[in-house]
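K.L.:
Submitted below is the structure of interest, expressed as structure tokens.
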Amino acid sequence: MTTGLPIQGWINRLGEGLFNHETPDGYALTSASWNGPGQMMVRFEIARQIGSGSSGLFKPDGPNPVEQPAFPLLQNALYFNGLRKTLGPATLASLDRAISPQDWNTLFLSSPEFMH
């Protein structure tokens, strides 16, 4: 990763910016705090950006920066050895229909289990 600015922007868009909570108890962990239609749309968009590599995480500093063509491959040993066991049948079926690694990443990051 070259820059963390996109991550800070995503966290702010999700309404849970760094050091933005006024009390020390932290942000709420209840689903009512994050499952509204607007929040879900933001989460899907962020999942698509991360999954497809268009997130800006690999764009170097300097004049006329060109983003490196990298994206995370989330379908790895960690997934197969642990995370896969936590996914429901509908999510697994959706992942099996992915047409590219970028599509798989987006589906995984926007799955109900990952959102929770």
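Derivation of every value follows stated rules applied to the coordinates shown; laboratory data play no part. Since this is a predicted model, take the numbers as computed values, not measurements. Positions of Cβ are backbone-derived with ideal geometry, glycine not excepted, and every protein chain shown enters the neighbour counts.
K.L.:
Using a Förster distance of 25 Å, how high is the FRET efficiency between LEU14 and GLU113, based on the Cβ-Cβ distance and rounded to 0.05?
P.N.:
On the way: r = 18 Å, r/R0 = 0.71.
E(calc), rounded to 0.05, equals 0.90.
K.L.:
If you take the C-alpha gyration tensor of region 1-50, multiply each eigenvalue by 5 and take the square root, what semi-axes do you get, largest first, in whole Å? If you can, show how the numbers build up before the last one.
P.N.:
Working: eigenvalues 77, 56, 10 Å².
Taking √(5λ) for each Cα gyration eigenvalue gives 20, 17, 7 Å.
K.L.:
Summarise the long-distance tail of P(r) for region 76-116 by giving the % of C-alpha pairs beyond 11 Å. List each step's numbers first, then the result.
P.N.:
On the way: 518 of 820 pairs.
Considering region 76-116, 63 percent of its Cα-Cα pairs are separated by more than 11 Å.
K.L.:
Find how much the distance from SER31 to ASN76 grows on full extension, using 0.36 nm per residue of separation minus their present alpha carbon separation; answer in nm with one decimal.
P.N.:
13.4 nm
K.L.:
If you don't mind, another one. With Cβ to Cβ distances under 13 Å as the rule, what net charge do the other residues near ASP96 carry (K, R +1; D, E -1)? Walk me through the intermediate numbers first.
P.N.:
Working: positive: ARG84, ARG97; negative: ASP103.
Residues near ASP96 contribute +1 overall.
K.L.:
Calculate one ³J(HN,Hα) per residue across region 98-107 by plugging θ = phi - 60° into the Karplus curve 6.51 cos²θ - 1.76 cosθ + 1.60, and present them in order as whole Hz with x for glycine and proline.
P.N.:
4, 9, 7, x, 5, 5, 4, 4, 4, 4
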